Amino acid sequence: MQVLVVDDNPIAVDMLENTLRRAGYDVVTASSGRAALEILDSGACQLVITDWEMPEMTGLELCRRIRYLSTLNYIYVILLTARHDASDSIEGMTAGADDFIVKPFQPSELVLRVKAGERLLALETRELLIFALAKLAESRDSDTGAHLERVRTYSRIIAEYLLKLPKYRDQVNAEFVRLIYLTSPLHDIGKVAVPDQILLKPGPLTEEEFEVMKTHTTRGAETLDAALKQYPSARFLRMARDIAASHHEWYDGSGYPRGLAGQAVPLSARIVALADAYDALTSKRVYKDAFTHDKARAAVIKGRGTHFDPDVVDAFLANETKFVAVQQTLSDEAPLQTALLQV
Ligand SMILES: [Fe+2]
Ligand SMILES: [Fe+2]
């Protein structure tokens, strides 16, 4: 990771540079805001440490300008300041700073703050990458639109409801909710391995074709398993794998690919199974019109205990109005900006 240090005082620059280099960072330096902007414009750095008090352009002004740069990636800004009033931090935050370090400070504190910034940037990159990957897999599918956005939002609504139930205290926490939102778009990633003539066939599939279609679950799981081998502790990969593998399993064991039943189906997959099915029902397909919410609701209730986990169905029923709102605001016909709506 390359860090840009901006300070008009050469002694301070030296100190910062040495500390960061010792911690293993590449360092670029600039003695003014203007020089810093030129470096940033080239897209070289994503993390900036800047002094607040500088002649010409202050660190605060630099912050503001950074937020106006049209760089592809987010730039994380740490302000160095001798000020420690709450009003100063508010001013800095308004200008777009991500963090502050009050002078004088220990080198170890500086390194810790830079590490925190690095983590945030890595998270952002990871989330974008996951969604881009899911979109890519979906781009070959004919049923595209805002399907992934809706499925992840429905999944989150269910997970948030389960979070409040004592019964799920051990299984669902805030991280689970965040992860299901992050990873559920990957449920059909294995479809990249399904040939076009099957994936895009407008009519019903033959038995053999359906067998091939079913492999999207195992192929998706295999791909994510390969990534898991590299990063066994990555919880998001584990959940993504569970969802890809088991979102077509049925609660009564009659689903595919493994015929798992009840609790043997990971909870994340039981949630996505309902979210995905509800979305398929309420969306238009080549072979069918979109069901109304009431018709889809009746189908979900019919599947309670057979197709779907009864608790997940109950969570759906308790949040019906939210489901209807998502379906309307993230509808395939709705204007694009509504896709940004968070429910
Ligand atoms: Fe699927
Ligand atoms: Fe789907």
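When we screen Gly255, Gly203, Gly220 for residues that are touching a residue at least 12 places away in the same chain (Cβ under 8 Å), over 28 Å from Asn319 (Cα atoms), within 15 Å of ligand 1 (Cβ to nearest atom) and small (Gly, Ala, Ser), the only hit is Gly220. The single condition among (1) more than 19 Å from Leu199 (Cα to Cα); (2) buried (at least 21 other Cβ atoms within 10 Å of the Cβ) that His293 does not satisfy is (2).
With Arg152, Arg156, Arg178 as the choices, which residue is more than 16 Å from ligand 2 (Cβ to nearest atom), within 20 Å of Ala245 (Cα to Cα), of a type outside the set (A, V, I, L, M) and surrounded by 13 or more Cβ atoms within 10 Å (Cβ to Cβ)? Every option except Arg178 fails the conditions. Here the stretch 178-199 is the region considered, the condition is being more than 16 Å from Ala280 (Cβ to Cβ) and not in a helix (DSSP H, G or I), and the residue that is nearest to ligand 1 (Cβ to nearest atom) is Val194. The residue pairs whose first member lies in the stretch 153-168 and is assigned to a helix (DSSP H, G or I), whose second member is of a type in the set (Lys, Arg), and whose beta carbons are closer than 7 Å, counting only pairs six or more residues apart or on different chains, are Ile157/Lys322.
Let's see how each residue does on (1) under 23 Å from Val151 (Cα atoms); (2) β-branched (Val, Ile, Thr):
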| residue | (1), (2) |
| --- | --- |
| Thr183 | yes, yes |
| Val192 | yes, yes |
| Pro204 | no, no |
| Glu211 | no, no |
| Thr217 | yes, yes |
| Gly220 | yes, no |
| Thr223 | yes, yes |
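Determine, yes or no, whether Leu128 is part of a helix (DSSP H, G or I) and either within 16 Å of ligand 2 (Cβ to nearest atom) or in the same structural domain as Ala82 (by TED's automatic domain parsing) (or both). When the stated conditions are applied, Leu128 does not pass them.
Within the stretch 132-150, identify whether any single residue is farther than 18 Å from Ser283 by Cβ and away from ligand 1 (no atom under 16 Å from the Cβ), and answer yes or no. Within the stretch 132-150, one or more residues are farther than 18 Å from Ser283 by Cβ and away from ligand 1 (no atom under 16 Å from the Cβ).
So, Val194, is that one within 16 Å of ligand 2 (Cβ to nearest atom) and β-branched (Val, Ile, Thr) or not?
Taking the combined requirement at face value, the residue satisfies it.
Somewhere in the stretch 169-176, is a residue at pLDDT 90 or above, over 21 Å from Pro257 (Cβ atoms), β-branched (Val, Ile, Thr) and outside any helix (DSSP H, G or I)? Yes: one or more hits.
All conditions in (1) over 17 Å from Pro266 (Cα atoms); (2) in the same structural domain as Val324 (by TED's automatic domain parsing); (3) hydrophobic (A, V, I, L, M, F, W, C) hold for Leu133, with the sole exception of (2). Determine whether the stretch 174-188 contains at least one residue that is over 15 Å from the mean Cα position of the chain (by Cα), assigned by TED's automatic domain parsing to the domain that holds Phe316 and basic (Lys, Arg). No, the stretch 174-188 has no match at all. Among residues of the stretch 170-193 that are in contact (Cβ under 8 Å) with a residue 12 or more places away in the chain, those with a beta-carbon under 6 Å from a residue that is assigned to a loop (DSSP other than H, G, I, E, B) and within 16 Å of ligand 1 (Cβ to nearest atom) at least six positions away or on a different chain give the pairs His187/His247. If you check Arg270, Arg235 for being away from ligand 1 (no atom under 16 Å from the Cβ) and touching a residue at least 24 places away in the same chain (Cβ under 8 Å), only one passes: Arg235.
The values are calculated or read from the model by the stated rules, or taken from the named source; none is laboratory data. Just so it is clear, the model here is predicted, and its values are computed rather than measured. When we count neighbours, we look across all protein chains shown, and the Cβ atoms used for this are built from the backbone with ideal geometry, even at glycine.
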